[in-house]
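K.L.:
The structure that follows is given in the form of structure tokens.
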Amino acid sequence: MTEWRDKSRGFESREQGFSYQYATLQDLVQRAQGKQSALIVALDHITDVGNLGAVIRSAEVVGATGVLIPNRRAAQVNETVYRTSAGAVEHLLVACEANLSAALKRLQDEGFWVAGAWEGADQDVWQAPLEGRIVLVMGAEDTGLARLVRESCDFMLKLPQYGCTQSLNIAQAATAIMYEWRRRNR
């Protein structure tokens, strides 16, 4: 069972001897301050801890500013996430917010463009404007992006698919898109 405490620096997750202190949205904004390019990966109701850990690991490797997750109906940082991320949670800010849509609006106000990954998007990742300060929003594999989160996005993008399988795993898809962001923002 996970116990939540609201701290001045954000939320704290405690799970059977494992404790993790989340960053705040303001911490993410401050880390990106003064940078022409920055990437924040926002996860909309990703419930699998393995996927959360893998996304955190990839985000840290590509030099992202941080990861943003909701505090309810989503995987939280625990010992499994720590192991799956190969310890990347020690080097990358993970912020936990009560309202993801409101957090995205705040990031837009801070000069970020919000890109939602959605299989119904008109443009693929190769044509999408991924230069600069970007929030990449990834949704759950089964439900995708929530309506309010989708409406908060400035634009939508998708990975092109050439095979028969319906889609990639969320962590694989996020990694592919993050590397395209990195390629354009060297």
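The values are calculated or read from the model by the stated rules, or taken from the named source; none is laboratory data. Owing to the predicted nature of the structure, the values given are computational and were not obtained by experimental measurement. Glycine gets a Cβ as well: all are built from the backbone with ideal geometry, and neighbour counts include every protein chain shown. Areas reflect the complete protein model, heavy atoms only, side chains present, ligands, DNA and RNA absent. Shrake-Rupley method; radii C 1.70, N 1.55, O 1.52, S 1.80 Å.
K.L.:
If you check every pair at least six apart or on different chains, which have Cβ atoms under 9 Å apart with a residue in region 83-105 that is more than 10 Å from LEU25 (Cβ to Cβ) and free of Cβ contacts under 8 Å to residues at least 12 places away in the same chain first and a residue that is open to solvent by 10 Å² or more (accessible area, probe 1.4 Å) and of a type outside the set (Asp, Glu) second?
P.N.:
Between residues of region 83-105 that are more than 10 Å from LEU25 (Cβ to Cβ) and free of Cβ contacts under 8 Å to residues at least 12 places away in the same chain and residues that are open to solvent by 10 Å² or more (accessible area, probe 1.4 Å) and of a type outside the set (Asp, Glu), the close pairs are GLY87/ARG57; GLU90/TYR82.
K.L.:
Which pairs have Cβ atoms under 9 Å, sit 6 or more apart or on different chains, and link a residue in region 34-57 that is at positive phi to one that is open to solvent by 40 Å² or more (accessible area, probe 1.4 Å) and of a type in the set (Lys, Arg)?
P.N.:
Cβ pairs passing all conditions: HIS45/ARG72; HIS45/ARG73.
K.L.:
Taking region 48-80, which residues are among the hydrophobic types (A, V, I, L, M, F, W, C) and open to solvent by 10 Å² or more (accessible area, probe 1.4 Å)?
P.N.:
Of the residues in region 48-80, the ones among the hydrophobic types (A, V, I, L, M, F, W, C) are 49, 52, 54-56, 59, 61-62, 64, 67-69, 74-75, 77.
VAL49, ALA54, VAL61, ALA64, ALA74 - these are the residues of region 48-80 that are among the hydrophobic types (A, V, I, L, M, F, W, C) and open to solvent by 10 Å² or more (accessible area, probe 1.4 Å).
K.L.:
For THR143, work out the one condition from (1) closer than 21 Å to LEU52 by Cα; (2) free of Cβ contacts under 8 Å to residues at least 60 places away in the same chain; (3) surrounded by fewer than 14 Cβ atoms within 10 Å (Cβ to Cβ) it doesn't fulfil.
P.N.:
Of the numbered conditions (1) closer than 21 Å to LEU52 by Cα; (2) free of Cβ contacts under 8 Å to residues at least 60 places away in the same chain; (3) surrounded by fewer than 14 Cβ atoms within 10 Å (Cβ to Cβ), the odd one out for THR143 is (2).
K.L.:
Take residues that are at pLDDT below 95 and tell me which of the strands (runs of 3 or more DSSP E) falling wholly in region 1-57 contain 2 or more.
P.N.:
3-7, 10-15, 18-21
K.L.:
Hey, another quick one. Output the number of residues of region 151-179 satisfying the condition of being part of a helix (DSSP H, G or I) and either surrounded by fewer than 18 Cβ atoms within 10 Å (Cβ to Cβ) or over 15 Å from the mean Cα position of the chain (by Cα) (or both). Step through it out loud before you land on a result.
P.N.:
To start, the set of residues in region 151-179 that are part of a helix (DSSP H, G or I) comprises 151-152, 170-179.
From what is left, the residues that are either surrounded by fewer than 18 Cβ atoms within 10 Å (Cβ to Cβ) or over 15 Å from the mean Cα position of the chain (by Cα) (or both) are 151, 172, 176, 179.
Summing the residues that are part of a helix (DSSP H, G or I) and either surrounded by fewer than 18 Cβ atoms within 10 Å (Cβ to Cβ) or over 15 Å from the mean Cα position of the chain (by Cα) (or both) in region 151-179 gives 4.
K.L.:
Can you tell me how many residues within region 99-122 are open to solvent by 50 Å² or more (accessible area, probe 1.4 Å), in contact with a strand residue (DSSP E or B) (Cβ under 7 Å, 6 or more places away or on another chain) and not acidic (Asp, Glu)?
P.N.:
Residues meeting the conditions: 2.
K.L.:
Just give me the residues in region 126-149 being closer than 16 Å to ASN169 by Cα and of a type in the set (Val, Ile, Thr), in sequence order.
P.N.:
Of everything in region 126-149, those that are closer than 16 Å to ASN169 by Cα and of a type in the set (Val, Ile, Thr) turn out to be VAL137, THR143.
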